[in-house]
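Below you'll find the structure, written out as structure tokens, and then a few comments.
The values are calculated or read from the model by the stated rules, or taken from the named source; none is laboratory data. Quick caveat: nothing in here was measured; it's all calculated off a predicted structure. Positions of Cβ are backbone-derived with ideal geometry, glycine not excepted, and every protein chain shown enters the neighbour counts. For the accessible areas, the whole protein counts, side chains as well, though only heavy atoms, and no ligand, DNA or RNA atoms are used. Shrake-Rupley method; radii C 1.70, N 1.55, O 1.52, S 1.80 Å.
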Amino acid sequence: QVQLVESGGGLVQAGGSLRLSCAASARTFSNYAIGWFRQAPEKQREFVAAIRRPGDTSYTDAVKGRFTISRDIARNAVYLQMNSLKPEDTAVYYCAAASFARVVIDPDEYGFWGQGTQVTVSS
């Protein structure tokens, strides 16, 4: 079992930055691929970024060059640094864990999810 808790969401103006954190409970956290997903009102949940190990990352095109995903194995945490935020980034952001040895972008492959954190970007 993996328990995930997101934090760091909030209200920010367009062009601003936020850093989301995902804290995990599992002692074997390093064995999991971790992904960030987001869901805007009346839209489907979509992939944002994922990491398995440093250098093994993936991003959706909409956030490339603006968002950076990283993980701290010692702290059992994964971070999503979000810069140059746009109103269209507004959504609830979720982190998720998948027991895979590679980066995973399909949400159906993730077995553990956090409760989500709201990110609102004003224009």
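For the range 1-116, give the magnitude of the charge dipole about the Cα centre (Cβ charges: +1 Lys/Arg, -1 Asp/Glu; no others), in debye to the nearest 20.
360
For the chain, with every protein chain kept in place, what is the accessible area per residue (1.4 Å probe, Å²)?
On a per-residue basis, the chain sits at 52 Å².
All other residues with a Cβ under 15 Å from the Cβ of Phe100 taken together, and with Lys, Arg as +1 and Asp, Glu as -1, what is their net charge?
0
Please give the contour-minus-distance gain from Phe100 to Ser25: 0.36 nm per residue of separation, less the Cα-Cα distance, rounded to one decimal in nm.
Contour length minus the Cα-Cα distance gives 25.3 nm.
If you plug each phi of the range 26-40 into the Karplus form 6.51 cos²θ - 1.76 cosθ + 1.60 with θ = phi - 60°, what whole-Hz ³J(HN,Hα) values come out, in order, with x for Gly and Pro?
Once rounded to whole Hz, the list reads 6, 5, 9, 3, 5, 7, 9, 7, 10, x, 10, 10, 9, 9, 8.
Decide, for the range 76-123, between rounded, prolate and oblate: order the square roots of the alpha carbon gyration tensor eigenvalues as a ≥ b ≥ c, take rounded if a/c falls under 1.5, and otherwise choose prolate if a/b is larger than b/c, else oblate.
Taking the square roots of the gyration eigenvalues as a ≥ b ≥ c, the range 76-123 is prolate.
Report, for the chain, the % of DSSP beta bridges that are antiparallel, rounded to 5.
If we restrict to bridges inside the chain, about 90 percent are antiparallel.
Output the Cα-based Rg and Dmax of the range 22-63 in Å, rounding Rg to one decimal and Dmax to a whole number.
12.3, 36
When you count, for each residue, the other Cβ atoms within 10 Å and take the mean per peptide, how do 38-48, 74-84 rank with the highest first?
My ranking of the peptides, most packed first, is 74-84, 38-48.
May I ask you to evaluate 6.51 cos²θ - 1.76 cosθ + 1.60, the Karplus curve with θ = phi - 60°, for each residue of the range 83-92 and list the ³J(HN,Hα) values in order in whole Hz, giving x for glycine and proline?
Per residue, the Karplus-derived 3J(HN,Hα) values read 10, 6, 5, 10, x, 6, 7, 4, 4, 8 Hz.
Express the carbon and sulfur contribution to the solvent-accessible surface of the chain as a percent, rounded to the nearest whole number, probe 1.4 angstrom.
Here carbon and sulfur together make up 45 percent of the probe-accessible area.
Expressed in nm to one decimal, what extension gain is obtained for the pair Glu42 and Arg75 from 0.36 nm per residue of sequence separation less their Cα-Cα distance?
That works out to 8.4 nm of additional length.
Could you list which residues have their amide H under 5 Å from that of Phe112, counting only those 5 or more apart in sequence or on another chain, with H placed in the peptide plane?
Correct list: Ala97.
Please compute, for the alpha-carbon atoms of the range 1-96, the extent along each of the three principal axes and give them in descending order in Å.
Per principal axis, max minus min of the Cα coordinates gives 37, 26, 21 Å.
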